[in-house]
Amino acid sequence: MRRGLIAWSKAELPEAALAARVARAQRAMTKAGLSALLLYSNNTRPAAASYICGFVPYWSEGVMVLPKASEPYLVVALTKRVATWIQATSRVAKVTSTPRFGAEAAKAIAAAGGGTVGVADLDNFPAGIAADMRAAGATLADATELFAALRAAADPAELALAGKAASIAHAALASVSPAHDSANDAVAAVEEHARAAGAEECYIAAAADLTRDRRFVRIEGKVALGPNFAIRATVAYKGSWVRLARTLFRDRARTGLARTAAERFAAAVAALPDTRGFAGMASWLVEGCRVAQPLEPLAGSRLSSARALSRGMIVSVQAALEIEGAPVLLGAPALIGGAGEPAAFLVPPVF
């Protein structure tokens, strides 16, 4: 659940950064023959619109429209009373509030000259909204790959926000110790630290006893911690999402196992976008943002097909390893390096 006031810090996300993203998108649109780019947004798929204009919704849904030669605007299914807040937290020319936002967006595009509208993530665009747009005369085309290419490599502002989110999650996980009596206490400590540090989203999961079950689950009821356990934190800060995981051993003589696992994990991450370094691990997963889903599975041991990992992309990586018969779960965000450069963690995977 999003909590607290989401405000636009122009020091963290400068207007110039958003303007540069708009200009890059418009150049790509012109080359592709698109008159407008349409980005759907709701509280679970906010990342596409957020990337272009900074808007992060608490609830409801809407679309951001980027014309090929003018500033973006939002058409949302929110009441007019929040339009002022949206305008203050987003770099948009205007905000229109209406329950039939698909039809309204199509009318605005037609009034500006019409043409083909590129929809990023068209396969996941709500069918009813697409139908409203087509009924209002819009011609829709899939612009998923166009948009994914635009944001494949992180710019300095995106990297800084991801780094801040990673620092929040890292410090929150560091608040957990083997002395905690229960998974409930550990989870509560992590969320308290993350929220206090400014996270607007914080999802905490635990594998309370790795000798019995290595799955991360939401804790319900009183759950005792085993001899070694893991905590995972998924944190969002001003629309930037990261995922981290940490394993702890109650027996201090075994804490070195986590460091040994971290060394193997770090070597595999450093080789990204080449994923062969994860061979031999019990499981692994690389997540990142291509379009609207903040943490989309891109590659992993349990995925039937993989997405291309781009150089310059921010990813969150998780892995399960066995060290001297003990399971260790680790996770940390990283920046995939340029040609000839290793990937680098935003925060270290050891606590």
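Would you check if there is a residue in the stretch 98-117 being without any contact (Cβ under 8 Å) to a residue 40 or more places away in the chain, under 23 Å from residue 289 (Cβ atoms) and not charged (D, E, K, R)?
First, the residues of the stretch 98-117 that are without any contact (Cβ under 8 Å) to a residue 40 or more places away in the chain: 98-100, 102-104, 106-107, 110-111.
Still in the running and under 23 Å from residue 289 (Cβ atoms): none.
Among the residues of the stretch 98-117, not one is without any contact (Cβ under 8 Å) to a residue 40 or more places away in the chain, under 23 Å from residue 289 (Cβ atoms) and not charged (D, E, K, R), which makes the answer no.
Could you tell me whether the stretch 234-251 includes any residue that is of a type in the set (Lys, Arg) and not in a loop (DSSP other than H, G, I, E, B)?
Taking the stretch 234-251 first, the residues of a type in the set (Lys, Arg) are 238, 243, 246, 250.
Now drop any that are not not in a loop (DSSP other than H, G, I, E, B), which leaves 243, 246.
Within the stretch 234-251, one or more residues are of a type in the set (Lys, Arg) and not in a loop (DSSP other than H, G, I, E, B).
Considering each of 23, 103, 16 in turn, give the residue that is surrounded by 15 or more Cβ atoms within 10 Å (Cβ to Cβ) and either part of a helix (DSSP H, G or I) or touching a Ser or Thr at 6+ places or on another chain (Cβ under 6 Å) (or both). I'd like the intermediate steps shown before the answer.
Numbers: 23 fails: surrounded by 15 or more Cβ atoms within 10 Å (Cβ to Cβ); 16 fails: surrounded by 15 or more Cβ atoms within 10 Å (Cβ to Cβ).
Selected residue: 103, the only one of 23, 103, 16 that is surrounded by 15 or more Cβ atoms within 10 Å (Cβ to Cβ) and either part of a helix (DSSP H, G or I) or touching a Ser or Thr at 6+ places or on another chain (Cβ under 6 Å) (or both).
Among the numbered criteria (1) over 22 Å from the mean Cα position of the chain (by Cα); (2) buried (at least 16 other Cβ atoms within 10 Å of the Cβ), which single criterion is violated by residue 74?
Here residue 74 meets the rest and fails (1).
Among the residues of the stretch 248-258, are any under 20 Å from residue 205 (Cα atoms), out of contact with any Phe, Trp or Tyr (no Cβ under 8 Å at 6 or more places or on another chain) and surrounded by 16 or more Cβ atoms within 10 Å (Cβ to Cβ)?
Checked against the condition, which is being under 20 Å from residue 205 (Cα atoms), out of contact with any Phe, Trp or Tyr (no Cβ under 8 Å at 6 or more places or on another chain) and surrounded by 16 or more Cβ atoms within 10 Å (Cβ to Cβ), the stretch 248-258 yields at least one hit.
All but one of (1) assigned to a loop (DSSP other than H, G, I, E, B); (2) touching a residue at least 24 places away in the same chain (Cβ under 8 Å); (3) surrounded by 15 or more Cβ atoms within 10 Å (Cβ to Cβ); (4) not small (Gly, Ala, Ser) hold for residue 161, so report the exception by its number.
Of everything listed in (1) assigned to a loop (DSSP other than H, G, I, E, B); (2) touching a residue at least 24 places away in the same chain (Cβ under 8 Å); (3) surrounded by 15 or more Cβ atoms within 10 Å (Cβ to Cβ); (4) not small (Gly, Ala, Ser), residue 161 misses just condition (1).
Within the bounds of the stretch 35-56, is there any residue that is surrounded by fewer than 24 Cβ atoms within 10 Å (Cβ to Cβ), over 20 Å from the mean Cα position of the chain (by Cα) and more than 16 Å from residue 126 (Cα to Cα)?
Among the residues of the stretch 35-56, at least one is surrounded by fewer than 24 Cβ atoms within 10 Å (Cβ to Cβ), over 20 Å from the mean Cα position of the chain (by Cα) and more than 16 Å from residue 126 (Cα to Cα), which makes the answer yes.
Give 166, 154 a once-over and let me know the one that is out of contact with any His (no Cβ under 7 Å at 6 or more places or on another chain), assigned to a helix (DSSP H, G or I) and among the aliphatic types (A, V, I, L, M). Steps first, please.
Working: 154 fails: assigned to a helix (DSSP H, G or I).
Among 166, 154, only 166 is out of contact with any His (no Cβ under 7 Å at 6 or more places or on another chain), assigned to a helix (DSSP H, G or I) and among the aliphatic types (A, V, I, L, M).
Could you tell me whether residue 199 is without any contact (Cβ under 8 Å) to a residue 40 or more places away in the chain, within 30 Å of residue 11 (Cα to Cα) and assigned to a loop (DSSP other than H, G, I, E, B)? Break it down stepwise before answering.
Details: without any contact (Cβ under 8 Å) to a residue 40 or more places away in the chain: yes; within 30 Å of residue 11 (Cα to Cα): yes; assigned to a loop (DSSP other than H, G, I, E, B): yes.
When the stated conditions are applied, residue 199 passes them.
Provide a single number: the residues in the stretch 311-329 that are in contact (Cβ under 8 Å) with a residue 24 or more places away in the chain, over 18 Å from the mean Cα position of the chain (by Cα) and on the phi > 0 side of the Ramachandran plot.
1
Taking the residues in the stretch 278-289 that are outside any strand (DSSP E or B) and free of Cβ contacts under 8 Å to residues at least 40 places away in the same chain as candidates, determine which candidate is farthest from the chain's Cα centre (by Cα).
Here the residue is 280.
Could you tell me how many of the residues in the stretch 41-67 are in a strand (DSSP E or B) and either under 21 Å from residue 115 (Cβ atoms) or without any contact (Cβ under 8 Å) to a residue 12 or more places away in the chain (or both)?
Let us first name the residues in the stretch 41-67 that are in a strand (DSSP E or B), namely 41-42, 61-67.
When the remaining residues are screened for being either under 21 Å from residue 115 (Cβ atoms) or without any contact (Cβ under 8 Å) to a residue 12 or more places away in the chain (or both), the result is 63-67.
Going through the stretch 41-67 one residue at a time, the tally reaches 5.
Among (1) part of a helix (DSSP H, G or I); (2) surrounded by 16 or more Cβ atoms within 10 Å (Cβ to Cβ); (3) without any contact (Cβ under 8 Å) to a residue 24 or more places away in the chain; (4) not small (Gly, Ala, Ser), there is one condition residue 132 misses while meeting the rest; what is its number?
(3)
Quick test for you: out of 213, 185, 181, 209, pick the one residue that is farther than 20 Å from residue 329 by Cβ, surrounded by fewer than 21 Cβ atoms within 10 Å (Cβ to Cβ) and over 16 Å from the mean Cα position of the chain (by Cα). Break it down stepwise before answering.
On the way: 213 fails: farther than 20 Å from residue 329 by Cβ; 185 fails: farther than 20 Å from residue 329 by Cβ; 209 fails: farther than 20 Å from residue 329 by Cβ.
So the residue among 213, 185, 181, 209 that is farther than 20 Å from residue 329 by Cβ, surrounded by fewer than 21 Cβ atoms within 10 Å (Cβ to Cβ) and over 16 Å from the mean Cα position of the chain (by Cα) is 181.
Only one of these conditions is not met by residue 198: (1) at pLDDT below 95; (2) buried (at least 17 other Cβ atoms within 10 Å of the Cβ); (3) closer than 25 Å to residue 344 by Cα. Which number is it?
Among (1) at pLDDT below 95; (2) buried (at least 17 other Cβ atoms within 10 Å of the Cβ); (3) closer than 25 Å to residue 344 by Cα, the lone unmet condition for residue 198 is (2).
For the condition within 18 Å of the chain's Cα centre (by Cα), at pLDDT 95 or above and either of a type in the set (Asp, Glu) or assigned to a loop (DSSP other than H, G, I, E, B) (or both), what is the one hit in 299, 292, 308, 332? Working first, answer last.
On the way: 299 fails: either of a type in the set (Asp, Glu) or assigned to a loop (DSSP other than H, G, I, E, B) (or both); 308 fails: at pLDDT 95 or above; 332 fails: either of a type in the set (Asp, Glu) or assigned to a loop (DSSP other than H, G, I, E, B) (or both).
Of the residues listed, the single one that is within 18 Å of the chain's Cα centre (by Cα), at pLDDT 95 or above and either of a type in the set (Asp, Glu) or assigned to a loop (DSSP other than H, G, I, E, B) (or both) is 292.
Output yes when any residue across the stretch 237-246 is exposed (fewer than 15 other Cβ atoms within 10 Å of the Cβ), closer than 15 Å to residue 330 by Cα and modelled with pLDDT of 95 or more, and no when none is.
Within the stretch 237-246, the first condition is being exposed (fewer than 15 other Cβ atoms within 10 Å of the Cβ), and the residues that meet it are none.
Taking every residue of the stretch 237-246 in turn, none turns out to be exposed (fewer than 15 other Cβ atoms within 10 Å of the Cβ), closer than 15 Å to residue 330 by Cα and modelled with pLDDT of 95 or more.
The values are calculated or read from the model by the stated rules, or taken from the named source; none is laboratory data. Since this is a predicted model, take the numbers as computed values, not measurements. In this analysis, Cβ positions are derived from the backbone assuming ideal geometry, glycine residues included, and neighbour counts consider all displayed protein chains.
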